[in-house]
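A.B. asks: Below: one structure in structure tokens.
The values are calculated or read from the model by the stated rules, or taken from the named source; none is laboratory data. Since the structure is predicted, the reported quantities are computational estimates derived from the model, not experimental observations. Glycine gets a Cβ as well: all are built from the backbone with ideal geometry, and neighbour counts include every protein chain shown. Heads up: the accessible areas ignore ligands, DNA and RNA and are worked out on the full protein's heavy atoms, side chains in. Shrake-Rupley method; radii C 1.70, N 1.55, O 1.52, S 1.80 Å.
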Amino acid sequence: MAEKSEKMTTKQELRAPDAFQLYGAEASDWLQKRQQYIGIAVGVVLVGGLLAATVHYFSARGDEKAAKQLGEALAVMERPVVVGVDLQPAAPGQEPPFKSEQDKDKAIVDSLSTFRSAHSGTNAAAMAALPLGKAQYRQGNYAEALSAFGEFLDKANKEDPLVVTAREGQGYAHEAKGELDLALVSFQEMAKLD
């Protein structure tokens, strides 16, 4: 008789809905009551994702365009300096050589400053800060050079080998300003990286 009772209980349990069915029915009712809100939430998520993808796409295009224009802005660094020689006119489509290093540094500062203001916030503008800082240092504009080196260091990847050059430039600029304690810190940071 005990076996019959166990079979009866098992049959009764099988006929009754299980917990999964009960929760499924409750969830279905809950979803049906809030169908409009859920649809709005899904729509907002989809529109937000589409907006984020669009912003990323145009941001990447802006960085790519800035990187190409950085090459054009850096072209001034390729022009030679010719001193003490009467220069022939430059060939069509070519820029004449510089008459002095000071003229070249001025052209570098002008070119890279214009580029950085046109493309501020891009990685290319941050990378342009390093040659800009070097040219400003050679011109004796140590505060501007420190600012440029700092901007480069803020954006540069810590593993970038050019970080050593920026730290070195920062150290020399501090030294030229008489800030020997800060120069020492910059050179120590450089030594850690080298």
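A.B. asks: Looking at GLN102, GLN136, which one is open to solvent by 80 Å² or more (accessible area, probe 1.4 Å) and assigned to a helix (DSSP H, G or I)?
C.D. replies: GLN102
A.B. asks: Would you confirm whether or not the range 148-164 contains a residue that is of a type in the set (A, V, I, L, M, F, W, C), under 16 Å from GLU189 (Cβ atoms) and touching a Gly at 6+ places or on another chain (Cβ under 7 Å)?
C.D. replies: Taking every residue of the range 148-164 in turn, at least one turns out to be of a type in the set (A, V, I, L, M, F, W, C), under 16 Å from GLU189 (Cβ atoms) and touching a Gly at 6+ places or on another chain (Cβ under 7 Å).
A.B. asks: Quick one: how many residues across the range 110-128 are touching a residue at least 24 places away in the same chain (Cβ under 8 Å), in a helix (DSSP H, G or I) and within 12 Å of GLU151 (Cα to Cα)?
C.D. replies: Count: 6.
A.B. asks: Which residues, counting only those in the range 105-126, are open to solvent by 60 Å² or more (accessible area, probe 1.4 Å) and of a type outside the set (D, E, K, R)?
C.D. replies: The first filter runs over the range 105-126 and keeps only residues open to solvent by 60 Å² or more (accessible area, probe 1.4 Å), leaving 106, 110, 114, 117-118, 120-121, 123.
Hits for the range 105-126 are THR114, SER117, ALA118, SER120, GLY121, ASN123.
A.B. asks: Looking only at the range 139-174, how many residues end up being acidic (Asp, Glu), open to solvent by 60 Å² or more (accessible area, probe 1.4 Å) and closer than 16 Å to ALA126 by Cβ? Show your work before the answer.
C.D. replies: Of all residues in the range 139-174, those acidic (Asp, Glu) come to 144, 151, 154, 159-160, 168.
After this cut, where a residue has to be open to solvent by 60 Å² or more (accessible area, probe 1.4 Å) as well, the list is 144, 151, 154, 159, 168.
After this cut, where a residue has to be closer than 16 Å to ALA126 by Cβ as well, the list is 144, 151, 154, 159.
Qualifying residue count, the range 139-174: 4.
A.B. asks: Report yes if VAL76 is surrounded by 13 or more Cβ atoms within 10 Å (Cβ to Cβ), more than 22 Å from GLY169 (Cβ to Cβ) and among the hydrophobic types (A, V, I, L, M, F, W, C), otherwise no.
C.D. replies: Spelling it out, it is not the case that VAL76 is surrounded by 13 or more Cβ atoms within 10 Å (Cβ to Cβ), more than 22 Å from GLY169 (Cβ to Cβ) and among the hydrophobic types (A, V, I, L, M, F, W, C).
A.B. asks: More than 21 Å from LYS65 (Cβ to Cβ) and touching a Leu at 6+ places or on another chain (Cβ under 7 Å): is that true of PRO97 in this structure?
C.D. replies: yes
A.B. asks: For the subset of the range 152-174 comprising residues that are among the polar types (S, T, N, Q) and part of a helix (DSSP H, G or I), which member is farthest from GLN139 (Cα to Cα)? Step through it out loud before you land on a result.
C.D. replies: Just the residues of the range 152-174 that are among the polar types (S, T, N, Q), to begin with: 157, 165, 170.
Subset that is part of a helix (DSSP H, G or I): 165, 170.
Numbers: THR165: 18, GLN170: 15 Å.
Looking at residues that are among the polar types (S, T, N, Q) and part of a helix (DSSP H, G or I), I get THR165.
A.B. asks: Further question: Which of the numbered conditions does ASP86 fail, given that it passes all the others? Conditions: (1) surrounded by 12 or more Cβ atoms within 10 Å (Cβ to Cβ); (2) more than 21 Å from GLN69 (Cα to Cα).
C.D. replies: In the conditions (1) surrounded by 12 or more Cβ atoms within 10 Å (Cβ to Cβ); (2) more than 21 Å from GLN69 (Cα to Cα), ASP86 misses (1) alone.
A.B. asks: Could you look through the range 175-188, keep only residues that are open to solvent by less than 60 Å² (accessible area, probe 1.4 Å) and within 30 Å of the chain's Cα centre (by Cα), and pick out the one that is nearest to ALA143 (Cα to Cα)?
C.D. replies: Ranking the candidates gives ALA183 first.
A.B. asks: Let me ask you something else. Which condition number in (1) touching a Phe, Trp or Tyr at 6+ places or on another chain (Cβ under 6 Å); (2) without any contact (Cβ under 8 Å) to a residue 24 or more places away in the chain; (3) not polar (S, T, N, Q) is the one that LYS177 fails?
C.D. replies: Of everything listed in (1) touching a Phe, Trp or Tyr at 6+ places or on another chain (Cβ under 6 Å); (2) without any contact (Cβ under 8 Å) to a residue 24 or more places away in the chain; (3) not polar (S, T, N, Q), LYS177 misses just condition (2).
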